[in-house]
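The values are calculated or read from the model by the stated rules, or taken from the named source; none is laboratory data. Note that the structure is a prediction, hence the values are computed from the model and not measured. Backbone-built Cβ (ideal geometry, glycine too); neighbour counts: all protein chains shown. Ligands, DNA and RNA are excluded from the accessible area calculation, which covers all protein heavy atoms including side chains. Shrake-Rupley method; radii C 1.70, N 1.55, O 1.52, S 1.80 Å.
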Amino acid sequence: MAFLLRRVVFYLAAFVAAATINFFLPRLMPGDPIQKMFAGAGSDLSLENLNALKLTFGFIDAPIGEQYLAYLRSVFTGDLGRSVRFFPLPVTDLLGRALIWTVGLVGTATIIAFTIGTLLGVMAAWRRGTRFDTVISLASIFSSSVPAVVVSLITLFAFGYTLGWFPNGYAADPMLDPSWGWEYIASVLYHGTLPMLTMVIVLTGGFAVTMRNNMINLLGEDYIVMGRAKGLSDQGVMLWYAARNALLPTVSALAISLGAVLGGSLVTEVVFNYPGMGNTLYQAILARDYPVIQGALLIMTAAMLVANFVVDLSYVLLDPRLKRA
Amino acid sequence: MKLLAQLLHNRKALVGVAILATVILVAIFAPLLTEYSPTQRVGRPHQPPSADHLLGTTRLGYDVFTRLLYGARISLAVGFGAGLLITVIGTVLGIIAGYKGGVVDEVITFLTNMVLVIPNLPLLLVLAAFIGQASPLVIAVILGFTSWAWGVRVTRSETLSIRQRDFVKSAEMLGEPGWRIMAFEIFPNLISIVGINFIGSVLFAVITEATLEFLGLGDPNTVSWGIMLYNAQNASALSVGAWWDILTPCVALAVLGLGLALINFAIDEIANPRLRTGGMLARWTGLIRRGEGKL
């Protein structure tokens, strides 16, 4: 329990750090921070609304310390301000809607990639030195080194434009109304296929390489030899003795790579015009909608921290030693 | 030096080095390989590849092949510049944290873990958005100062185990100062970790620079692979069928990425002999494994 408590305290500190970056960035840039932050609204913003926004972001007539506390207060009360582009839509509403799409896309892609990658890694390590291993290793290296933007563009070019098998953008057919009906769900799946495929291609290689190398390091251990000496089947030793133990570092690698997953999904969403967090952040940057830009960083950080915490929990389950620590 | 000699005997490393060397040579000798200038209209817009324009032209009538050659300069410069910065920061902090221990270690580890959980690309986007059109130099500096955390983590844990070895203990007994032990006893034993960190950081910087520029946060007047992607995307190259415009920088980035990753994989294999397959070692492990039945 102490382990988990320590993690929670740490995650809170990390979240405050992200908020601190948000607080100081506009103040460190040359020029008037208030002018810069809310210029995107043009003349649409009434004085009253402007003052409310200024208060949310801590632009008050007070020493910098109090400004900082004012900003932290609005962040921790869930007030991330309002979008200046879609005024008066609150940033949390705008990003909350987008978050659902991203979590669906990233979550599914990560689970698929983790499963395929780990299995391929186990098999490659078991048959190390064979042609199967060489092919899987090279493919994994390639998949983990090619930029997500390149994979996205090539997938879009091949399956979207040239073959025309899948749509080139959006999360669902814009003619349909969102509902739980079969027609809408099918449209979501159809539109999600290419972004999903892209992310699986980008992610699988990394999981496979990590798993393969962990496995190979473990295959020399005494308990593997013992398992064979007991006369267990090849598959039994491979899965229950080697793979199970090799999974542990892979899970912690997963935690670290979650940030990269968010990054990869950002680019993929932009290329496929998918209405997730990444694309919303991108559109906000194009429109210089700073409240949304700052809110996106906070919500993405929070999402990352929650994901890390889930990984911590699974770590406790996988490694019983941590329960006592 | 031993590491270099071993690298030359590794097939993955050879292919990787060959790719990297080709890109470097192309970047250096770009003016000799093409007759055009990368920032001049030399043909009609969106011409498909031909003898005059090996990889066609962009919507503005620039020669794609020429921009590819000159763009390699920026990609490599940002990659190696930022990679060096990331590696230096990561290695120095990692060795200090691992060797000094105590409060110093706690502070560095805390900072490192914090940087690791704040998502990198969104943070970079926010920074770049406030800075405005970022030049390659600015991008390299931002990358250098935001991406060192992974290096600290691996260097620190490796330093922790080296610190316990006899030669470090004896240097301490002889009264060598701390900085000397860190620089001359510990650092040489970390060379493969530092190498992996460096090549990995170069790869990361090349990819991230291209991504930031593709997203429109770079300076649009730069000649780089990322800006090529950005311009091609803005010109709707895919929907008008000008595949050469957008696929050229894509393939270039993929090939350079593969080359760097192969080098990294090879260093990993050399530093960690169990990962090696092929050649002498395969035969040796084959002999050992014969008693184990089919593996």
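Please determine whether any residue of the range A:171-182 is touching a residue at least 24 places away in the same chain (Cβ under 8 Å) and within 12 Å of chain B (Cβ to nearest Cβ). Scanning the range A:171-182 turns up no residue that is touching a residue at least 24 places away in the same chain (Cβ under 8 Å) and within 12 Å of chain B (Cβ to nearest Cβ).
Please enumerate the residues belonging to the range B:229-261 that are open to solvent by less than 10 Å² (accessible area, probe 1.4 Å) and in contact with a Gly (Cβ under 9 Å, 6 or more places away or on another chain). Result: B:A242, B:D245, B:P249, B:L253, B:L256, B:G259, B:L260. Can you find even one residue in the range B:98-105 that is modelled with pLDDT under 80, of a type outside the set (F, W, Y) and buried (at least 16 other Cβ atoms within 10 Å of the Cβ)? No, because not a single residue in the range B:98-105 is modelled with pLDDT under 80, of a type outside the set (F, W, Y) and buried (at least 16 other Cβ atoms within 10 Å of the Cβ). Looking at A:A109, A:A158, A:A125, which is the one that is surrounded by fewer than 16 Cβ atoms within 10 Å (Cβ to Cβ) and aliphatic (A, V, I, L, M)? Exactly one of A:A109, A:A158, A:A125 is surrounded by fewer than 16 Cβ atoms within 10 Å (Cβ to Cβ) and aliphatic (A, V, I, L, M), namely A:A158. With respect to A:R97, is the statement that it is open to solvent by 70 Å² or more (accessible area, probe 1.4 Å), closer than 30 Å to A:T193 by Cα and not hydroxyl-bearing (S, T, Y) true? Against the criterion (open to solvent by 70 Å² or more (accessible area, probe 1.4 Å), closer than 30 Å to A:T193 by Cα and not hydroxyl-bearing (S, T, Y)), A:R97 qualifies.
Inclusion of B:T222 among residues that are surrounded by 15 or more Cβ atoms within 10 Å (Cβ to Cβ), assigned to a loop (DSSP other than H, G, I, E, B) and touching a residue at least 24 places away in the same chain (Cβ under 8 Å) is warranted. Among the residues of the range B:174-208, those that are touching a Ser or Thr at 6+ places or on another chain (Cβ under 7 Å) and either within 24 Å of B:V78 (Cβ to Cβ) or open to solvent by 40 Å² or more (accessible area, probe 1.4 Å) (or both) comprise B:I193, B:V194, B:N197, B:F198, B:S201, B:L203, B:F204, B:V206. Apart from one condition, A:V225 fits all of (1) modelled with pLDDT of 80 or more; (2) surrounded by fewer than 19 Cβ atoms within 10 Å (Cβ to Cβ); (3) more than 9 Å from chain B (Cβ to nearest Cβ); the exception is (3). Pairing residues of the range A:130-159 that are of a type in the set (F, W, Y) with residues that are open to solvent by 10 Å² or more (accessible area, probe 1.4 Å), at Cβ distances under 6 Å and at least 6 apart in sequence or on separate chains, gives A:F142/B:L258; A:F157/B:L238; A:F159/A:W165; A:F159/A:F166.
From the set of residues in the range A:65-82 that are in contact (Cβ under 8 Å) with a residue 24 or more places away in the chain and hydrophobic (A, V, I, L, M, F, W, C), which is surrounded by the fewest Cβ atoms within 10 Å (Cβ to Cβ)? So the residue we want is A:L72. Only one entry in B:T58, B:T39 is open to solvent by 70 Å² or more (accessible area, probe 1.4 Å) and among the hydroxyl-bearing types (S, T, Y), namely B:T39.
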